[in-house]
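A quick write-up on the structure given underneath.
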Amino acid sequence: MSFYALSLPSPVGTLTLFANDQALNVVEWGRGPDAPTSPLLDEAARQLSAYFDGRLETFDLPLDPQGTDFQRAVWFEMARIPYGEVRTYGDLSDHLTSSARAVGGACGANPIPIILPCHRVVGAHGKMTGFSGGTGVETKIQLLTLEGAHQPEPDLFD
């Protein structure tokens, strides 16, 4: 199986996309290795550019994130969160009959951020917690702002 990579600039920093012959596997921050690109990565870059320009709300790419069955269940549940909306870790854990902490761990291990939108998962009462990409919570807020997501006022009594 072949390995492909493509780096591209974005409003949240340089992103590098990795894929095999069938699917996108990873999106990372920073410039990646020199490797051949592929039509799939070219399409992923086109869709990401459209997303950042506000012209795309739903990605349509073959994805194959590597993780446990539970992690994959969380990641594909995140993919169901509509553009511009947020859910809490507790919301996802209720649906998956798990704990919010376990969902948070799976979100932190998400290998395809933005496309599998872990930025749309927030803490209880809308608290902005954790984001493994870019500059952390600031990048999460930037992505939610780009989507026009309602961000609750911070809980002053935390």
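Observations
- Cubic angstrom per residue, convex hull over Cα atoms of the range 1-85: 103 Å³
- Gyration tensor verdict on the range 14-53 (Cα atoms; rounded if a/c is under 1.5, prolate if a/b is larger than b/c, oblate otherwise): oblate
- Cα long-axis angle, helix 137-146 against the chain (0 to 90 degrees, to the nearest 10): 80 degrees
- Net dipole in debye of the range 47-142 [+1 Lys, Arg Cβ; -1 Asp, Glu Cβ; about Cα centre; nearest 20]: 240 debye
- Of Ile141, Ile81, the order by accessible heavy-atom surface (1.4 Å probe, DNA, RNA and ligands excluded), from most exposed downward, is Ile141, Ile81.
- Difference of contour (0.36 nm per residue) and Cα-Cα distance, Ala102 to Asp21: 26.0 nm
- Distance (nanometres) between label positions extended 7 Å along Cα→Cβ at Glu57 and Arg31: 3.7 nm
- Amide H within-cut-off set for Leu24, under 5 Å, with H built and near neighbours excluded: Leu63, Asp64
- Remark: the chain carries 51 Å² of accessible area per residue (probe radius 1.4 Å; ligands, DNA and RNA excluded).
- Segment Gln66-Phe3, length gained on full extension (0.36 nm per residue, minus Cα span): 21.2 nm
- With the Kirkwood sum run over all distinct C-alpha pairs, the chain has a hydrodynamic radius of 16.0 Å.
- The angle between the Cα long axis of helix 39-52 and the longest principal axis of the Cα atoms of the chain comes to about 40 degrees, rounded to the nearest 10.
- Sorting 72-78, 9-15 by average packing, meaning the other beta carbons within 10 Å per residue, from highest down gives 72-78, 9-15.
- The range 4-83 - charge dipole about Cα centre, Lys and Arg +1 at Cβ, Asp and Glu -1, debye rounded to 20: 180 debye
- Residue-span extension gain [Asp94 to Asp42] - 0.36 nm each, minus C-alpha spacing: 15.0 nm
The values are calculated or read from the model by the stated rules, or taken from the named source; none is laboratory data. Since the structure is predicted, the reported quantities are computational estimates derived from the model, not experimental observations. All Cβ positions, glycine included, derive from the backbone under ideal geometry; neighbour counts span all protein chains shown. Remember, those area values only see protein heavy atoms, side chains included, never the ligands or the DNA or RNA. Shrake-Rupley method; radii C 1.70, N 1.55, O 1.52, S 1.80 Å.
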